[in-house]
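Engineer: What follows is a single structure, and I will ask about it in a moment.
The values are calculated or read from the model by the stated rules, or taken from the named source; none is laboratory data. Values in this document were obtained by computation on a predicted structure and should not be read as measured data. Positions of Cβ are backbone-derived with ideal geometry, glycine not excepted, and every protein chain shown enters the neighbour counts. Accessible surface areas use protein heavy atoms only, side chains included; no ligands, DNA or RNA. Shrake-Rupley method; radii C 1.70, N 1.55, O 1.52, S 1.80 Å.
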Amino acid sequence: MALRLHNTLTRRVEPFAPLDPVNGPTMYLCGPTVYNYVHIGNARGPVVFDVLAALLRRRFGQLRYARNITDVDDKINAAAREAGVPISAITERFTQVYLDEMAALGVQPQPLQPKATEHIAQIIAMIERLIERGHAYAAEGHVLFSVGSYKDYGKLSRQSPEDMLAGARVDVAPYKQDAGDFVLWKPSTDDLPGWDSPWGRGRPGWHIECSAMAEAHLGETIDIHAGGIDLQFPHHENEVAQSECAHGGKPFARFWLHNGMLVFGGSKMSKSLGNVERIHTLLERYPGRSEALRYALLSAHYRQPLDWTPALVEQSIRTLDRLYGTLRDLGDVDATAVIPQSVEEMLDDDLNTPQALAELARLAGDARKAEGADARRDAKAALLGAGLALGLLQREPSEWIAGETSDDDDARIQGLIDARIAAKAAKDFARADAIRKQLADDGILLEDTPQGVRWKRA
C-alpha cells in the first residue's frame, strides 16, 4: 500500500510521493523557542514526525528534514532580563536542554537544525523581495506583510476574515495599513538583540523566520510542513502567505501535517494555563523510563487529542515491561530486526501508530508462543523490527529490567500513587484498587491519612 497522509490544506487523506523522486522528499518541522524548559506536549510533534521521517527514508531512500530552533524572540528577551544574563546564555542553555530531552525520548538527531539568528541575511532578503513585489511595506522602523495583497490568505485555516482577526490577537498600531497585517521586521532598542537592515537596527518577526529557513535549506516548495495544530493559525497561515508571495505564487508546502494537542486535567496543556508537565520533571519522576514517555506519545493517533495522565505513563511502563520481558526470554536467539509488512501498512495509513502498537503487542504474543529455532528467530526479528519502526525496544532487555528494579525507585512509586489519587478523584475505584494491588505486589504498603498518602516498603 502506498503512503497516504492527511493534508490539512485539502482536509483529505491523500497518496504521498515526493515532488523530486531523485533527491527524495523534503520536510520541515516547527521547533521550539528556547527560553525555558519545554513541556511534554511540545514533544508530541518531534516524536510522531520522527517515526514519519524514518518511514520516509525507508520508502524513498533519503530525506531532507529541517527542525528549526527559534533563538530570537521577545520571550527570550524577557527571560534574559529577568535572570540578569545575556540573551545567549538563555538560548544556548535551553537549546542544549531541548536536544538532550529529545534524545532521551528517542528522537533522532537531524543534520539540518537551522537557527533563526544564523539566517538574518536570508530573512532580510526575503523581506526585500516582498516589498519589491508589493506584498509588504515599511513603516516607523517596522516592516509589515500586507494581508490584503494576497487573495488566498486564509486558505490553510479556512477561517473568515473576522475570525482570523480575532484569533490572531493582533496589535492595534497606527503604522498598520490594515489591522490584520503582521510584522516581518521590528526595531530593536540598544538593550535588545538587533541587526542592521535597510529599515534600521532591528530583529525579525516570528513568522518570517520559518519561511526563510525552509527556503534556505529545502527550496521554494517543500513536500511536507509539520507542526502542532495550535500553529495552524496564525503562524502557518502567515508562512504560506509570505512564502508564496516571495516565490512568485509557487506553492510553499504540498502537504501540511498537524498533530493534536495534549490534554491535561481536561484542558489543553499550555504554559499560559499552568497545567503543564515539563519533560525534565517527567524524566526525573521516571528514571530509566524515558522510552515509556515515547510509547505514551504514540498511543493515540497523531491528529487526535491525547489525554496525558500518570496512569497513561504507568500503563506504558507495564507494557514495555512485558515487551522487554519477551525479548529477555529470547535472549538465546540470534536475530536481526525485520520490519513486518503489517506494521509498514499501518504506518502507511496516515501514520496509524495506535494500530502499529497493537500489532507490536500481537507480535510479542506470537513470540512467546513460538517453538523451534526458526520460528523463534523469525518471531524475534519481527518484534525487533516492529519496535524499530516506532523507535522502541532498541535497548538491551537487561538495561530496561535493571532500571525497573534499581534502588532509585521512589519516583516510580510516587508516580503510581499520583495515578491512584487521580483515579479516586475521577471515581475510577477499580483503577485505584488495581494500582494499590500492584504496589502491594511490589512490596509497597500504602496508608491513607488526613495528611495524604504515606508509603513504605514491606
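Engineer: Can you tally the net charge around Ala423? Count Lys and Arg as +1, Asp and Glu as -1, for every other residue whose Cβ sits under 14 Å from the Cβ of Ala423. Spell out each step's value before the answer.
Structural biologist: On the way: positive: Arg420, Lys424, Lys427, Arg431, Arg436, Lys437; negative: Asp307, Glu314, Asp418, Asp428, Asp433, Asp448.
Net local charge, Ala423 excluded: 0.
Engineer: Hey, what angle do you get for helix 310-329 against the long axis of the chain, alpha-carbon based, 0 to 90 degrees rounded to 10?
Structural biologist: 60 degrees
Engineer: Additional query: Lys and Arg at +1, Asp and Glu at -1: add these up for the other residues within a Cβ distance under 11 Å of Ala356 and post the number.
Structural biologist: Numbers: positive: Arg362; negative: Glu344, Glu345, Asp348, Asp349, Glu359.
Once positives and negatives cancel, what remains is -4.
Engineer: Which Rg and Dmax, in Å, describe the Cα atoms of region 315-458?
Structural biologist: 18.4, 59
Engineer: Treating each Cα of region 51-168 as an identical point scatterer and ignoring solvent, apply the Debye formula and state log10 I(q)/I(0) at q = 0.09, 0.14, 0.19, 0.22 Å⁻¹.
Structural biologist: For region 51-168 at q = 0.09, 0.14, 0.19, 0.22 Å⁻¹, log10 I(q)/I(0) is -0.44, -1.00, -1.16, -1.16.
Engineer: Still on this model: Mind checking the full-extension length gain between Ala337 and Ala375? Use 0.36 nm per residue of separation minus the Cα-Cα distance, one decimal, nm.
Structural biologist: On the way: separation 38, 0.36 × 38 = 13.68 nm, distance 1.42 nm.
Between Ala337 and Ala375, full extension yields 12.3 nm more.
Engineer: Greater than 30 Å separation of Cα atoms is the criterion. Which listed pairs, Lys115/Lys250; Lys151/Lys176; Lys268/Lys380, meet it?
Structural biologist: Working: Lys115/Lys250 25 Å; Lys151/Lys176 18 Å; Lys268/Lys380 39 Å.
Pairs exceeding the cut-off: Lys268/Lys380.
Engineer: Continuing with the same structure: Per the 1.4 Å probe, what fraction of the accessible area of the chain, in percent, lies on carbon and sulfur atoms?
Structural biologist: Details: 10130 of 20010 Å².
Its accessible area is 51 percent carbon and sulfur atoms.
Engineer: While we're here: Pulled fully out, how much extra length does the chain show between Gln304 and Asp448, if you take 0.36 nm times their separation in residues and subtract their Cα-Cα distance? Display every interim value, and only then the final one.
Structural biologist: On the way: separation 144, 0.36 × 144 = 51.84 nm, distance 3.65 nm.
Contour length minus Cα-Cα distance gives 48.2 nm.
Engineer: How many percent of the alpha carbon pairs in region 191-250 exceed a separation of 19 Å?
Structural biologist: Details: 667 of 1770 pairs.
Percentage above 19 Å: 38.
Engineer: Classify region 333-414 as rounded, prolate or oblate, taking a ≥ b ≥ c as the square roots of the eigenvalues of its Cα gyration tensor: rounded when a/c is under 1.5, otherwise prolate if a/b is larger than b/c and oblate if not.
Structural biologist: On the way: a/c = 2.42, a/b = 1.34, b/c = 1.80.
Note, shape of region 333-414 comes out oblate.
Engineer: Just from its helices, what would the mean residue ellipticity at 222 nm be for the chain, if runs of 4 or more DSSP H residues each count -39500 (n - 2.57) and the sum is divided by every residue, rounded to the nearest 500 deg cm²/dmol?
Structural biologist: Values: 16 runs with 203 residues, N = 458.
That comes out to -14000 deg cm²/dmol.
Engineer: At what distance in nm do the modelled label points of Gln177 and Lys155 sit from each other, each positioned 7 Å from its Cα along Cα→Cβ?
Structural biologist: It is 2.1 nm.
Engineer: Sticking with this one: State, to one decimal in nm², a quarter of the convex hull surface area for the C-alpha atoms of region 140-228, i.e. the direction-averaged projected area.
Structural biologist: 7.5 nm²
Engineer: Also: Run the Debye formula on the Cα coordinates of region 13-55, all scatterers equal and no solvent, and tell me log10 I(q)/I(0) at q = 0.20, 0.22 1/Å.
Structural biologist: Log10 I(q)/I(0), no solvent term: -0.78, -0.87.
Engineer: Rounded if a/c is under 1.5, else prolate if a/b is larger than b/c, else oblate: which is region 302-355, with a ≥ b ≥ c the root eigenvalues of its Cα gyration tensor? Intermediate results must be reported in sequence, preceding the final value.
Structural biologist: Details: a/c = 4.92, a/b = 1.22, b/c = 4.03.
It comes out oblate by the Cα gyration axes.
Engineer: Which FRET efficiency value, to the nearest 0.05, is calculated for Glu220 and Lys427 with the Förster distance at 51 angstrom and r the Cβ-Cβ distance?
Structural biologist: Numbers: r = 55 Å, r/R0 = 1.09.
It comes out at approximately 0.40.
Engineer: Separate question: Tally the DSSP beta bridges in the chain and give the antiparallel ones as a percent, rounded to 5.
Structural biologist: Details: 24 of 43 bridges.
Of those bridges, close to 55 percent are antiparallel.
Engineer: Please return the longest range in the chain lying between exposed loop sites, taking GluC sites (Glu not before Pro), DSSP loop only, at most 16 other beta-carbon atoms within 10 Å, and leaving the sites out. Let's see the in-between values first.
Structural biologist: Working: sites that count: Glu140, Glu220, Glu371.
Answer - 221-370.
Engineer: Here's another thing I want to ask about it. Taking every pair of alpha-carbon atoms in the chain, give the share separated by more than 34 Å as a whole percent. Spell out each step's value before the answer.
Structural biologist: Working: 42572 of 104653 pairs.
In whole percent, the share of Cα-Cα pairs in the chain beyond 34 Å is 41.
Engineer: Tally Lys and Arg at +1 and Asp and Glu at -1 over the other residues with C-beta under 12 Å from the C-beta of Gly200: what net charge comes out?
Structural biologist: On the way: positive: Lys186, Arg201, Arg203; negative: Glu140, Asp196.
Overall, the nearby charge balance is +1.
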